[in-house]
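The values are calculated or read from the model by the stated rules, or taken from the named source; none is laboratory data. Computed from a predicted model, the values in this text were never measured in an experiment. With ideal geometry, Cβ positions are generated from the backbone for all residues, glycine too; neighbour counts draw on all protein chains shown.
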Amino acid sequence: VTSPSCTGEGVTEYRCERCGYHYVDGNAASGHKPGEEATCTNPQLCTVCGAVITPALGHSFKSEVTAPTCTEMGFTTYTCERCGESYKSDYVKATGHKSSDWIIDKEPTTNSEGSKHKECLSCGEKLETATIEKLYLTATTDSKGEAVVGGYLVIVTDTDTQNPISNAHVVLNKDGSLSIRLPNGRIIDYADQTTVTVKLVKDKTPVSELPIAVTDMNDNYSAGKTDKAGQMTIPSGSGITNDDGKATVGGKDADGDRYTITVKVVDFETGRPIEGAVVTIGKTGNITVKLPDGTDMDENNRITVIVTDNRKNPLEDENVTVKGDMGQSASGKTDEDGELTVPDVVVEERHGVYIYGYEDGTFGAERNMTRSEAAAIFARLLAEKKGDSIPEKGSVTTKYTDIPSNAWYAGYVKYLTNYGVVYGRGDKIFAPNDEITRAEFTVMAVRFFEVYGEGAEEIVEKYEGFSDVSSGYWAAEYIKDAAIHGWVYGYGDGTFHADANITRAEVVSLMNRMLGRTPDKAYIEKNIRYLNTFSDLSSKHWAYLAVMEAANAHTATLGDTETWSK
């Protein structure tokens, strides 16, 4: 007899003792005898043979997210629905407090101080408290827009209509400055500016150089000083942030329409507002924030810029450049909340080729540059910086009737037109093959720089001007801007020669100064056989190194000098 097993049949053999005849009779397999039910980690086994009847079931985790708070990390808890085993993972940094503006707890009076505090917008924790000095002298403008405080006659009017603004609250502060709160219903608006006029009550003499700060119901802020006529008009194209880190400024769009933005500048790590930052809007609408001296900006001291309109609506995709007092510069676009945090520290950067030679192997250093060649330079640099693609020739049309769609430069002009960098010689004429003048190239360079957002810092503290560039010259302000940055130079006799043509060698020198790009002479000499060279450009030419910088792609390690690698 062979007994059956869990999976195999048993056998009984019958044999005759006399004749030896035999036969076999089978017995069915006994089958497994199940042990304990399978769990997440243990299989169900047969109690007889130990075979696996049911494999381990495995965990069935359900996730529960615990969001981060201002002070505590967030995480996800994974819990098995069968056995209850759990673990935590996917940790997220604490969000940090997000500070409100000052909240008035007690208004100051002429007899007592007031108080104010800032609290976290997320958790409500009180972050900072401060006293408000008692009011020195106060008044409210009447139906003529007039108020008298401390010997000053203050007149608040609409700039365009000159209509009086009544119910504006005027305070003469202890330091001699004025604070004006516009009445409800009127806000600081570049399209509807407000003028403040200050005179002495006794003889109506205009008061100049008087500091005035103006706020409104939306916490917009604009400040400045009265001019020789005792007047100040707000907002303007630039401003300085207050103790809430805010400045309200105005600009014009491509159609010439005026708009208003409020920029708030804060320390990203602490959430504290940065007072004394200079905020400006460029001619192409790009926002520049110049941090006050002594304010660090690096990977350990990041800066957040928040951009809204004058009704507190966040503005997305605004181009912002933040500059530090040590020459630091960082740029980017605001997100859907109107916020940008910089810098994204870059130790190395790639310098692409932005100018090429001709098919015969020459560079033409002393040849005058054409308008289409200039457009190609700016487009290559901007597209590389922004990660854009240049439209292919043959597939683009421009507003200019003298640019065929299959022209080699058509895509470059189309690309720059979208950013407002290039302009024509008239509404429909671009004149691509005409030589470009020093003034025209300077205008393109300044408009390009405002979109590009990085490069050399201002180096000229006082602009003396050029004797042949009058204040009424069409490109005077652009030439001034470029000269202040040290991008363009005049001649020894104090002239600029704005209407003279500019050579290709002069262009690469100007562009390298603008971009802060400097050639690595040692690398060039050592690796000359691997680099792009030109048959008509000697190493003794005054612009040789500048051309090599512009015509050869390389990785630049930035420091006190620029060091190249492949």
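Looking only at segment 187-214, which residues are under 12 Å from Val156 (Cα atoms) and part of a loop (DSSP other than H, G, I, E, B)?
Selection gives Gln193 alone.
Of the residues Gly516, Gly465, Gly490, Gly486, which single one is surrounded by 14 or more Cβ atoms within 10 Å (Cβ to Cβ) and touching a Gly at 6+ places or on another chain (Cβ under 7 Å)?
Values: Gly465 fails: touching a Gly at 6+ places or on another chain (Cβ under 7 Å); Gly490 fails: touching a Gly at 6+ places or on another chain (Cβ under 7 Å); Gly486 fails: touching a Gly at 6+ places or on another chain (Cβ under 7 Å).
Unique residue meeting the criteria: Gly516.
The conditions are (1) modelled with pLDDT of 95 or more; (2) farther than 26 Å from Ile502 by Cβ, and Met326 fails exactly one of them. Which is it?
(1)
Counting just the residues of segment 340-379 that are touching a Gly at 6+ places or on another chain (Cβ under 7 Å) and crowded, with 17+ Cβ neighbours inside 10 Å, which one comes out farthest from Gly327 (Cα to Cα)?
Phe363
Return the residues of segment 440-454 that are of a type in the set (Val, Ile, Thr) and within 15 Å of Val320 (Cα to Cα); say none if nothing qualifies.
Val451
How many residues are more than 23 Å from Glu477 (Cβ to Cβ), surrounded by 16 or more Cβ atoms within 10 Å (Cβ to Cβ) and not basic (Lys, Arg) when one looks only at segment 403-433?
Selection size over segment 403-433: 9.
Which ones in segment 14-36 are touching a residue at least 12 places away in the same chain (Cβ under 8 Å), assigned to a strand (DSSP E or B) and not β-branched (Val, Ile, Thr)?
Correct list: Asp25, Gly26, Asn27, Pro34.
So for segment 22-33 (the condition being at pLDDT below 85, closer than 30 Å to Gly84 by Cβ and hydrophobic (A, V, I, L, M, F, W, C)), does at least one residue qualify?
Looking through segment 22-33, none of the residues is at pLDDT below 85, closer than 30 Å to Gly84 by Cβ and hydrophobic (A, V, I, L, M, F, W, C).
Okay, residues lined up against (1) outside the structural domain of Leu381 (by TED's automatic domain parsing); (2) part of a strand (DSSP E or B); (3) more than 23 Å from Ala379 (Cβ to Cβ):
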site: Arg513; (1), (2), (3): no, no, no
site: Tyr523; (1), (2), (3): no, no, yes
site: Phe534; (1), (2), (3): no, no, no
site: Leu537; (1), (2), (3): no, no, yes
site: Lys540; (1), (2), (3): no, no, yes
site: Ala546; (1), (2), (3): no, no, no
site: Ala550; (1), (2), (3): no, no, no
site: Ala556; (1), (2), (3): no, yes, no
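What are the residue pairs meeting all of these: first residue in segment 374-391, first residue touching a residue at least 40 places away in the same chain (Cβ under 8 Å) and aromatic (Phe, Trp, Tyr), second residue crowded, with 17+ Cβ neighbours inside 10 Å and not in a helix (DSSP H, G or I), Cβ atoms under 8 Å, and 6 or more apart or on different chains?
Every condition considered, the pairs that remain are Phe378/Val421; Phe378/Val422.
Taking the criterion of being farther than 26 Å from Val446 by Cα and crowded, with 17+ Cβ neighbours inside 10 Å, would at least one residue in segment 315-330 satisfy it?
Checked segment 315-330: no residue is farther than 26 Å from Val446 by Cα and crowded, with 17+ Cβ neighbours inside 10 Å.
Do we have Thr260 as out of contact with any helix residue (DSSP H, G or I) (no Cβ under 9 Å at 6 or more places or on another chain), of a type outside the set (A, V, I, L, M, F, W, C), in a strand (DSSP E or B) and not assigned by TED's automatic domain parsing to the domain that holds Tyr423 here?
On the way: out of contact with any helix residue (DSSP H, G or I) (no Cβ under 9 Å at 6 or more places or on another chain): yes; of a type outside the set (A, V, I, L, M, F, W, C): yes; in a strand (DSSP E or B): yes; not assigned by TED's automatic domain parsing to the domain that holds Tyr423: yes.
Spelling it out, Thr260 is indeed out of contact with any helix residue (DSSP H, G or I) (no Cβ under 9 Å at 6 or more places or on another chain), of a type outside the set (A, V, I, L, M, F, W, C), in a strand (DSSP E or B) and not assigned by TED's automatic domain parsing to the domain that holds Tyr423.
For a quick check of your reading: which strands (runs of 3 or more DSSP E) sit entirely within segment 39-132 and have at least 1 residues that are more than 30 Å from Asp175 (Cβ to Cβ), under 28 Å from the mean Cα position of the chain (by Cα) and modelled with pLDDT of 85 or more?
Per the criteria, 74-80.
Here are the criteria: (1) over 26 Å from Arg447 (Cα atoms); (2) surrounded by fewer than 17 Cβ atoms within 10 Å (Cβ to Cβ); (3) touching a residue at least 24 places away in the same chain (Cβ under 8 Å); (4) not β-branched (Val, Ile, Thr). Tell me which single one Asp253 does not satisfy.
Result: Asp253 passes all but (1).
Taking Ile180 as meeting all but one of (1) farther than 29 Å from Gly245 by Cβ; (2) in the same structural domain as Tyr221 (by TED's automatic domain parsing), write down the number of the exception.
That leaves (1) as the condition not met.
Suppose we filter segment 311-339 for residues that are without any contact (Cβ under 8 Å) to a residue 40 or more places away in the chain and part of a loop (DSSP other than H, G, I, E, B); how many remain?
The qualifying residues number 12.
Would you check if there is a residue in segment 219-242 being under 17 Å from Asp337 (Cα atoms) and not in a strand (DSSP E or B)?
So far as segment 219-242 goes, no, none of its residues is under 17 Å from Asp337 (Cα atoms) and not in a strand (DSSP E or B).
Determine whether segment 186-201 contains at least one residue that is more than 25 Å from Val289 (Cβ to Cβ) and without any contact (Cβ under 8 Å) to a residue 12 or more places away in the chain.
No; the residues of segment 186-201 include none that is more than 25 Å from Val289 (Cβ to Cβ) and without any contact (Cβ under 8 Å) to a residue 12 or more places away in the chain.
Yes/no matrix, rows are residues, columns are (1) assigned by TED's automatic domain parsing to the domain that holds Ser331; (2) touching a residue at least 24 places away in the same chain (Cβ under 8 Å); (3) within 25 Å of the chain's Cα centre (by Cα):
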{"position": "Thr398", "(1), (2), (3)": "no, yes, no"}
{"position": "Lys414", "(1), (2), (3)": "no, no, yes"}
{"position": "Glu435", "(1), (2), (3)": "no, yes, no"}
{"position": "Glu450", "(1), (2), (3)": "no, yes, yes"}
{"position": "Tyr463", "(1), (2), (3)": "no, no, no"}
{"position": "Ala476", "(1), (2), (3)": "no, no, no"}
{"position": "Asp481", "(1), (2), (3)": "no, yes, yes"}
{"position": "Tyr491", "(1), (2), (3)": "no, no, no"}
